Amino acid sequence: MEQVAVAVAGLGLPADRLERLKTAVAEATMNAMEHGNRYDPELPVAIQVRASADELVVSITDHGGGQPIVEINAPDLEAKLAGLQSPRGWGLFLIRSMVDEMNVTEDDVHHTVELVMHLQGVDENASQAV
């Protein structure tokens, strides 16, 4: 999370958008370690940062390919509190809420979660709903 922040420091992301990106990177990396790599220390999680004039893309890749990532549904807090839904299951919802776009791809070996932050045409004063 902090290494990504250092890598994007020159892009001029407003502080609140940088914090949202850091949160999304941390959550996606933890998901990759737990669900993709099943905490196997021999399997690295790769993080790649790419930027253009228009967007910043952070890709998090694990070794969990071949098993689909469950579609994101908005968690139902009341159902979770009532024990009707697992207390878990907030990760992908949170990640998607923190960035402008989230894309998931997979093959037989890897899952990749791409986190996209738009750098042009963003209203810095607009707040993003979570």
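Taken together, the values in this text are just the output of simple stated rules run on the coordinates, not laboratory data. Here the structure is a predicted model, which is why all the values come from computation and not from measurement. Here the Cβ positions follow ideal geometry from the backbone for every residue, glycine too, while neighbour counts run over all protein chains shown.
Filter the trypsin sites (Lys or Arg not before Pro) in the range 1-63 to those in DSSP coil with at most 11 other Cβ atoms within 10 Å of their Cβ, and list the result.
Passing sites in the range 1-63 are ARG38.
Place a +1 charge on the Cβ of each Lys and Arg in the chain and a -1 charge on the Cβ of each Asp and Glu, then give the dipole magnitude about the Cα centre in debye, rounded to the nearest 20.
The dipole of the chain has a size of about 280 debye.
Per-residue HN-Hα couplings for the range 95-101, Karplus 6.51 cos²θ - 1.76 cosθ + 1.60 at θ = phi - 60°, whole Hz, x for Gly and Pro?
These are the phi-based 3J(HN,Hα) values: 4, 4, 6, 8, 10, 6, 8 Hz.
Relative contact order for the chain using alpha-carbon pairs under 8 Å, separation at least 6, rounded to a whole percent?
Computed over the chain, the figure is 27 percent.
What number in nm² do you get for the chain if you take the convex hull of its Cα atoms and divide its surface by four? Could you put the intermediate results ahead of the total?
On the way: hull surface 35.5 nm².
Value for the chain: 8.9 nm².
Using amide H atoms built in the peptide plane, which far-off residues or other-chain residues are under 5 Å from HIS111 H to H?
ASP62, HIS63, GLY64, GLY65
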